[in-house]
Amino acid sequence: MLPKPGAPSIFILCETCFWCATYLDKTKVTDRCPKCSAGILSSFPIMPDESFVFGYDTKRGVELDFARRK
Ligand SMILES: [Zn+2]
């Protein structure tokens, strides 16, 4: 099922194991990490006209680069 036009997606990131996922429907977002089940999950809304790059570096940690979709 496609999301409604204009509805933001939700990006979920586990702060413990760095599991991450993008949900198109925020009612399906879990509050526990499905991988380590102990992590604190952070969520970021992603607007339909935004894109982002997710990166993980052992020195710098998690890096998210948001950009306007061209
Ligand atoms: Zn986790």
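The values are calculated or read from the model by the stated rules, or taken from the named source; none is laboratory data. The structure presented is a predicted model; accordingly, all values stated were derived computationally and were not measured. Every residue, glycine among them, receives a Cβ derived from its backbone with ideal geometry; neighbour counts consider all protein chains shown.
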* Residue check for T30: polar (S, T, N, Q) and at pLDDT below 80 -> yes
* Answer yes or no: is there a residue in the range 44-59 that is among the small types (G, A, S), surrounded by 10 or more Cβ atoms within 10 Å (Cβ to Cβ) and at pLDDT below 85. => yes
* Structure fact -> In the range 20-52, anything under 18 Å from A67 (Cβ atoms) and touching a Pro at 6+ places or on another chain (Cβ under 9 Å) is listed as P45, I46, M47, P48, E50
* Enumeration of residues in the range 35-70 that are farther than 14 Å from C20 by Cα, in contact (Cβ under 8 Å) with a residue 40 or more places away in the chain and in contact with a Phe, Trp or Tyr (Cβ under 9 Å, 6 or more places away or on another chain) -> none
* Asked: Taking the range 18-35, which residues are surrounded by 12 or more Cβ atoms within 10 Å (Cβ to Cβ) and β-branched (V, I, T)?
  -> T22, V29
* Asked: Looking at this structure, is A38 of a type outside the set (S, T, Y), surrounded by 10 or more Cβ atoms within 10 Å (Cβ to Cβ), in contact with a helix residue (DSSP H, G or I) (Cβ under 9 Å, 6 or more places away or on another chain) and assigned to a loop (DSSP other than H, G, I, E, B)?
  -> no
